[in-house]
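One structure below.
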Amino acid sequence: MGRSLGIELPIFPTSVIGSYPRPRWLRNMIRQWSLGRVDDKALEEAFNDAVKIIVCEQEEAGVDIPSDGEMRRDEMVEYFAARIDGFKFYGPVRVWGNNFFNKPAVASKLGYREPIVLREYQFLRSVSRRSVVKVTITGPYTIADWSFNEYYSSKEELVFELAKIINREILALQEAGALFIQVDEPALTTHPEEMEWAVEAINEVTRGVNIKLGLHVCYSDYELLSKYFEKLAFSQFALEFANRGYRDLHVLSKLGDKEIGLGVIDVHSRVIEDPTSVARAIEKATKYIEPDKIYVNPDCGLKLLPRDIARKKLEVMVLGTNIARKEYITRGISKIELRG
Amino acid sequence: MEVYLMQHGIYPRPRGLAKAISRYISGKLSREDLEKIYARYIEKFFKYMLNLGYDRFSDGMLRWDDIFNPMISGIEGVEINGLRRFYDNNYFFKQPIIKNKINYREAIASMLLEKSIEIAKKMGITSDRVALSIPGPFTMATNSLLDQNIYSIEEFMRDYVEKVIFLEVEKSLKIGVKNIDLHEPSLVVYEAPLNYIENIYRELSEKFPNSRFWIITYFGYKWEVLQTFTRLASKNGNIFCTVDVTEVSPPPWNRIIDLVSMGDLALAVVNARTTKMENYKDLVYRILEIARRRDSGELYITHNTSLEFLPEVVAMKKLRLLRRIAKSVREKLYSRTPHSKE
């Protein structure tokens with residue numbers, strides 16, 4: 001088990017994966033800004049206000065470790081690519097249905113221009129009342145996999161180059177006092193033949209880091225991922241289970257001394273879960289992993305849900321977690337330590 | 001050998017159309033107005049195909065969310081639930097879950113195509129240049145969640161062909177569409193019961209001798225699969241197989257020459273999953289080498305998968321590149337052969 005970071009959290013700490021629906025007025029403001037009707041300063045103020053509200057909303061729902069809802073990010077790869085030298089954009093491509101994203105293309109040598117999410121963290125830290133906040137960063141493999149590569153001779157070379165850049169960002173966040181960073185790698189298992197070197201590359205982002213590092217992988221092959229639990233230099237794996245009806249929970253037994261961020265809220269369904277189903281999911285998870293190694297979160301980012309549903313889902317998540325906590329509290333187990 | 005230009009599958013949904021669809025979904029646009037917008041973009045797509053000189057093409061499939069939807073919404077016994085990744089892409093589709101024995105009462109894909117055919121006809125495009133696109137049986141089966149108590153994979157494929165594909169082909173013939181594109185990436189990605197699938201395709205092509213069936217394979221290359229279907233194509237003249245040479249390094253050019261000597265085929269030489277442009281000169285040289293192996297027959301040149309994996313601007317560029325390749329190949333080929341073509 002990782003070293004203690006000197007902070008206590010309630011048993012089964014609740015968190016989010018990262019994104020949260022933007023308030024309607026913020027979406028309007030962004031539209032106005034894109035049309036040149038408001039300036040950068042006004043947009044920045046709107047982003048800050050939105051973060052304050054969204055953090056407050058998470059905290060009121062009872063979430064122990066909030067994020068800033070990724071209010072400033074349109075999309076998880078595009079946001080980083082736009083801030084790293086060497087990328088260019090040709091236009092949107094479909095992800096599913098009528099949903100598109102600006103898929104970047106690597107057109108020249110990549111370079112770390114300046115901190116990417118450092119100011120996001122600093123602002124989040126200044127507005128949250130919680131002792132720990134979560135900062136999310138898209139991982140090098142997913143950035144590469146969701147980009148076109150026109151420059152590097154191989155995808156492997158590109159991923160390692162990106163890993164150096166992401167590592168610099170994480171070190172900057174650590175330096176600024178961040179305690180919990182989650183690296184998002186939803187693409188990790190999509191090319192099984194690339195897993196060996198992909199894991200090595202992802203581990204490069206952890207070089208010199210001694211705060212808490214989580215790895216989020218969703219809608220993926222967890223049997224395959226579980227073979228690399230030990231090798232991946234992360235103390236927590238935030239995985240999606242509600243959407244798959246809690247199939248594959250048995251992989252938790254392979255986590256060893258690592259933690260699970262248990263996905264208990266289906267972010268692709270507008271149906272609001274029952275608190276008892278959340279409690280049952282946690283209980284099921286305890287059959288495979290010790291309770292002090294379980295964090296509770298939605299399956300993935302909540303941004304595609306209507307805001308009122310996202311909030312209700314978080315409330316239900318916390319209510320369900322509280323049901324699960326009761327038994328442990330009566331046994332005198334009410335706290336765990338934040339570990340790196 | 002005659003060299004033809006072929007487009008297939010889903011063209012990138014233009015931003016203006018995507019916005020209109022969002023407005024329709026949120027109740028801000030009427031169905032009637034949305035239909036007008038669809039018509040405008042489909043016309044634009046056809047105009048583009050005409051200008052570039054494509055010999056056969058889809059209608060852009062601008063109404064489709066993926067190669068399964070909306071067609072599967074009309075299949076009884078199928079529930080649509082949850083998102084599933086489309087092979088190894090950052091692209092998801094609503095997965096069909098087979099809950100009961102399937103039935104199909106309306107040929108949804110052909111009905112949608114019929115609207116495009118009306119537009120095409122007004123533009124002077126004959127319906128035999130346009131293709132209907134639907135998932136092939138093995139791709140449908142491997143991308144569905146099958147309950148083994150209801151269907152084995154073979155039983156499901158058989159039922160899907162007899163109930164869904166038959167109806168679609170019948171309807172498409174009524175509207176004058178002969179080209180049926182059957183998307184079959186699973187054939188080269190997964191292990192397939194090849195003999196069984198070959199029989200299904202043989203029966204299909206024999207039942208509908210006036211249709212032309214295109215087995216569109218992509219995301220991989222499997223020699224035994226391509227050999228099987230090219231051989232079938234040589235026996236039943238109304239079957240074509242596409243060969244994706246873009247995902248193999250180095251491309252198996254010598255084996256393609258063997259395939260071409262067996263029968264007609266469509267060669268996918270442009271990769272619709274990368275913005276990097278292919279080497280024009282090299283492709284012209286390779287295609288010429290292949291085309292010169294036979295005096296008669298048809299060789300189609302195309303892109304591997306649907307162009308929708310690319311931003312629209314790059315998709316257009318790739319279509320122009322294919323046109324340039326075809327033009328150059330034809331010029332060089334026909335200048336040497338007696339049956340030279342305009």
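The values are calculated or read from the model by the stated rules, or taken from the named source; none is laboratory data. Predicted model, so just to flag it, every value in this text is computed and none were measured. Every residue, glycine among them, receives a Cβ derived from its backbone with ideal geometry; neighbour counts consider all protein chains shown.
A few remarks follow.
- Residue count for region A:75-104 under the criterion of being farther than 19 Å from B:K276 by Cα, away from every other protein chain (no Cβ under 12 Å) and in contact (Cβ under 8 Å) with a residue 40 or more places away in the chain: the result is 3.
- Only listed residue being closer than 27 Å to B:F86 by Cα and hydrophobic (A, V, I, L, M, F, W, C), chosen from B:L146, B:L173: B:L146
- Note on region B:251-342: enclosed helices (runs of 4 or more DSSP H) holding 2 or more residues that are at pLDDT 95 or above are B:280-291, B:312-334.
- Of all the residues in region B:74-114, those that are within 30 Å of A:E185 (Cβ to Cβ), touching a residue at least 40 places away in the same chain (Cβ under 8 Å), in contact with an Asp or Glu (Cβ under 7 Å, 6 or more places away or on another chain) and not hydrophobic (A, V, I, L, M, F, W, C) number 0.
- Test: residue in region A:227-236 that is in contact with a Cys (Cβ under 9 Å, 6 or more places away or on another chain), part of a loop (DSSP other than H, G, I, E, B) and buried (at least 20 other Cβ atoms within 10 Å of the Cβ): no
- A:M29 meets all of the listed conditions (1) within 28 Å of A:L179 (Cα to Cα); (2) crowded, with 19+ Cβ neighbours inside 10 Å but one, namely (1).
- Any hit, region B:160-182, residues being under 21 Å from B:Q227 (Cα atoms), over 18 Å from the mean Cα position of the chain (by Cα) and not in a loop (DSSP other than H, G, I, E, B): no
- Meets criteria (of a type in the set (G, A, S), within 13 Å of another protein chain (Cβ to nearest Cβ) and in contact (Cβ under 8 Å) with a residue 24 or more places away in the chain) for A:A107: yes
- Among the candidates A:F241, A:F234, residue that is modelled with pLDDT of 95 or more and within 17 Å of A:G2 (Cα to Cα): A:F234
- Cβ-Cβ under 8 Å pairs, at least 6 apart or on other chains, region A:142-170 side of a type in the set (A, V, I, L, M, F, W, C), far side assigned to a helix (DSSP H, G or I) and surrounded by fewer than 21 Cβ atoms within 10 Å (Cβ to Cβ): A:A144/A:K155; A:V159/A:W197; A:F160/A:E204; A:A163/A:E204
- Condition met for B:K19 (among the charged types (D, E, K, R), within 14 Å of chain A (Cβ to nearest Cβ), closer than 20 Å to B:M316 by Cβ and not in a loop (DSSP other than H, G, I, E, B)): yes
- Any chance B:F46 is over 23 Å from B:V161 (Cβ atoms) and either in a loop (DSSP other than H, G, I, E, B) or away from every other protein chain (no Cβ under 14 Å) (or both): yes
- Region A:130-152, subset among the hydroxyl-bearing types (S, T, Y) and more than 13 Å from chain B (Cβ to nearest Cβ), residue surrounded by the most Cβ atoms within 10 Å (Cβ to Cβ): A:T136
- Selection of region A:164-197 for residues being more than 25 Å from B:G220 (Cα to Cα) and assigned to a helix (DSSP H, G or I) yields A:K164, A:I165, A:I166, A:N167, A:R168, A:E169, A:I170, A:L171, A:A172, A:L173, A:Q174, A:E175.
- Taking first residues from region A:201-220 that are under 26 Å from A:F241 (Cα atoms) and within 14 Å of another protein chain (Cβ to nearest Cβ) and partners that are buried (at least 22 other Cβ atoms within 10 Å of the Cβ) and of a type in the set (G, A, S), the Cβ contacts under 8 Å between residues at least 6 apart in sequence or on separate chains come to A:V217/A:A238; A:C218/A:G263.
- Of the set (1) buried (at least 17 other Cβ atoms within 10 Å of the Cβ); (2) closer than 17 Å to B:P251 by Cα; (3) within 14 Å of chain A (Cβ to nearest Cβ), all apply to B:N279 but (1).
- Scanning region A:306-317 for residues that are surrounded by fewer than 21 Cβ atoms within 10 Å (Cβ to Cβ) and touching a residue at least 40 places away in the same chain (Cβ under 8 Å) turns up A:P306, A:R307, A:R311, A:K312, A:E315, A:V316.
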